[in-house]
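K.L.:
First the structure, which I've put down as structure tokens, then a few questions once you've had a look.
The values are calculated or read from the model by the stated rules, or taken from the named source; none is laboratory data. Computed from a predicted structure; not experimentally measured. Here the Cβ positions follow ideal geometry from the backbone for every residue, glycine too, while neighbour counts run over all protein chains shown.
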Amino acid sequence: MNKLGDGKIVSLYWFLILFLVAAGVVYMVALFYGNPYDVRYSESRALSNRIANCISVGGVIEKSFLEGEINLLEKCNLNFDVEESYGWTGESEYYIKVEIFPYNLDTYVIGSEITNNLEVGNVNLQDYCKEEFSSSNFPVCDERGFYGLGDDGSSYLVNVVSIVRKTEKNVQ
Amino acid sequence: MFNNLKVTNKKMYNNKKGQMGETITWVVATIIVVVILGISISILSFNTDSRKMIIPITSDIFAVKSLVSYLSTNNIYNELSAEGVEDFTSESGTLASNIFYGIYNEKVSGVWVGFFIEELIPQKKNDFFPKISNIRGGDVSFKSRYAAEISEKIILGENKFIEVYLIS
């Protein structure tokens, strides 16, 4: 009689431990995979690379970028379409700005920006390139520059700023 | 009769001892399971940040563009690729230094541009870009802290390259 009772208690105990371990594993998996991947850094770099490839080919800056106002999205075959979630609109999640400065090779002095109004997207995001917004809770900024030549051999420094917001999807 | 009673008592005592030992084993086993689970869960809970996609960056298209434009400036490519030339001239070196330091100096911790002549004896010092101690000749491995993070090179001739290293 006693032995039978002992067996029942041990079985119950085993089930309890089994449940405890299974619940723990499920909870840990949910905890780990419940957090989203933050791909915004890669996304902003890819965006900058795309813009840089569009501006300069073989080391020469395309003339239209130096001459007049152009539509960056059309010129570089980009669109800001985003998923229809979180109340996003394409314009609100991205910002791109291209700054082109003449570079004097005799004095090595950078001239004032050629104003072509080369920017597109949500202008309010441009503050997020500052150091104080480097935490993952803020939009991600990629700011890089390169040296390029004009058609006539003149030198320029090009600065490309790409910012991706999409905080709701990439940060928990 | 007393003897029999003594034997029975002794058996009961031994049984109780055995039962207690078994109970202690189960209790200890339970505690170990709970503690291991607790540790695992708390380690995971500490990592509250989102999982960042860390893609090793060993190449930078902006650095390539700068290097190509630099070589196209004032015919520098022809000058540097000529046979026997193994270092910058005063003009080409000053221009390289101004361009690459100007663009990258504030963004990375180390910038080096120079020639890579022989694979086994990399020339890692020139008058315009001082040697950076943790560059390993021509090798880029993100895992090693003694390697360049970004390296781009353009062929100037047989076994002769011009290279840019950006170290963060």
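K.L.:
Please verify whether the range A:105-128 includes one or more residues that are part of a loop (DSSP other than H, G, I, E, B), closer than 22 Å to A:Lys169 by Cα and assigned by TED's automatic domain parsing to the domain that holds A:Arg144.
P.N.:
yes
K.L.:
Restricting to the range A:15-69, what's the tally of residues that are among the aromatic types (Phe, Trp, Tyr), part of a helix (DSSP H, G or I) and at the interface with chain B (Cβ under 10 Å from one of its Cβ atoms)?
P.N.:
Total satisfying the criteria: 4.
K.L.:
Assuming A:Ser64 fulfils every condition listed in (1) small (Gly, Ala, Ser); (2) at pLDDT below 85; (3) touching a Lys or Arg at 6+ places or on another chain (Cβ under 9 Å) apart from one, which condition is it?
P.N.:
The number of the failed condition is (2).
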